[in-house]
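Just so it is clear, none of the values below were taken in a lab; they were calculated from the coordinates. From a predicted model like this one, the values you see are computed outputs, not experimental measurements. Cβ placement follows ideal geometry from the backbone for every residue including glycine, while neighbour counts extend to all protein chains displayed.
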2 protein chains.
Amino acid sequence: MNKNKVATFGEQVRLLREEAKFSLREVAEQIGIDTSLLGKIERNDRQPTKEQIKFIAKFFNIDEKNLIKEFISDQIAYKILEEEADLDTLKVAEKKIQYLKSKKSVPGNP
Amino acid sequence: MNKNKVATFGEQVRLLREEAKFSLREVAEQIGIDTSLLGKIERNDRQPTKEQIKFIAKFFNIDEKNLIKEFISDQIAYKILEEEADLDTLKVAEKKIQYLKSKKSVPGNP
DNA sequence: TTTGTCAAGGACAATCTTTGTCCAAAGGTA
DNA sequence: TACCTTTGGACAAAGATTGTCCTTGACAAA
């Protein structure tokens, strides 16, 4: 798969599947879920569980951690869009992550 | 309030309240919620609704949009932390936001 | 046409999560 | 003691999500 192409989690899964020339049914069966559910996941109208992501990664033989990252970044992207939040909200979030990490690692802090 | 200080949504609300020398009860009463709930919001163990954020902004006479941004960035920060995701997940999210925005704005696209 | 496969999407029960309140307890102050 | 503040547990009510089943439409092959 083209690594430079930006695509949502679902789109990426669909691409993987189409490249490998599988039908939804074939893949869903292997993963152990309903055909319809996999279709929804590919269209981003159902969120996959961690388990399902693992199965998908295993099925297509791709890195699981990376696929999870794709999923989480999707969730963040959708949140920003649906809240109509400014892009720079991400910058604020980044600062907070560092702040919260440092906070946690200070000994004697709750 | 010091704009350079990074703090979570709840911490910021608490600071505002303490600076203005109000008790939880006094503020909660005005906002129309339980004292305990406001306390939890300040400790980030309950999420405020949009409505509550509006009331809080009004009460302390601060910019509502900005407070909402603080809230959303909090949510993103907590998500990254609890998923133990890489910081660069945010970069991926940013690309996806742009991608999704451009996708939506192309005429003749679903 | 008919048959078969595929994907899209609606409906819905089951399940999981979150919300908001009430209450009890701990700590402080007068 | 009496009073006030904050914390946090428990829990019903409300809300959101999941996964499945089923129907529909599109397309291709026989």
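Suppose the filter is in contact with a Pro (Cβ under 9 Å, 6 or more places away or on another chain) and of a type in the set (Val, Ile, Thr); does residue A:13 pass it? When the stated conditions are applied, residue A:13 passes them.
Is one or more of the residues making up region B:51-71 within 14 Å of another protein chain (Cβ to nearest Cβ) and in contact (Cβ under 8 Å) with a residue 60 or more places away in the chain? There is at least one residue in region B:51-71 that is within 14 Å of another protein chain (Cβ to nearest Cβ) and in contact (Cβ under 8 Å) with a residue 60 or more places away in the chain. Pairs linking a residue in region A:82-98 that is at the interface with chain B (Cβ under 7 Å from one of its Cβ atoms) to a residue that is of a type in the set (Asp, Glu) and in a helix (DSSP H, G or I), with Cβ atoms under 6 Å and 6 or more positions apart or on different chains, are A:90/B:94.
For residue B:27, the criteria (1) under 19 Å from residue A:86 (Cβ atoms); (2) of a type in the set (Val, Ile, Thr); (3) within 16 Å of DNA strand C (Cβ to nearest atom) hold in every case but one, which is (1). Of the residues that sit in region A:71-95 and are small (Gly, Ala, Ser) and within 16 Å of residue B:9 (Cα to Cα), which one is farthest from the chain's Cα centre (by Cα)? Top of the filtered list is A:85.
Considering B:58, B:69, the condition of being within 28 Å of residue A:73 (Cβ to Cβ) and of a type in the set (Lys, Arg) is satisfied by B:69 alone.
Given the options A:31, A:53, A:72, name the one that is touching a helix residue (DSSP H, G or I) at 6+ places or on another chain (Cβ under 6 Å), surrounded by 16 or more Cβ atoms within 10 Å (Cβ to Cβ) and farther than 24 Å from residue B:99 by Cβ. So that I can check it myself, show each step before the final result.
On the way: A:53 fails: farther than 24 Å from residue B:99 by Cβ; A:72 fails: farther than 24 Å from residue B:99 by Cβ.
Of the residues listed, the single one that is touching a helix residue (DSSP H, G or I) at 6+ places or on another chain (Cβ under 6 Å), surrounded by 16 or more Cβ atoms within 10 Å (Cβ to Cβ) and farther than 24 Å from residue B:99 by Cβ is A:31.
Every condition in (1) assigned to a loop (DSSP other than H, G, I, E, B); (2) over 14 Å from the mean Cα position of the chain (by Cα); (3) not basic (Lys, Arg) is met by residue A:6 except one, and the failing one is (2). Among the numbered conditions (1) within 12 Å of chain A (Cβ to nearest Cβ); (2) within 21 Å of residue A:94 (Cα to Cα); (3) within 11 Å of DNA strand C (Cβ to nearest atom), the only one that residue B:45 does not meet is (1).
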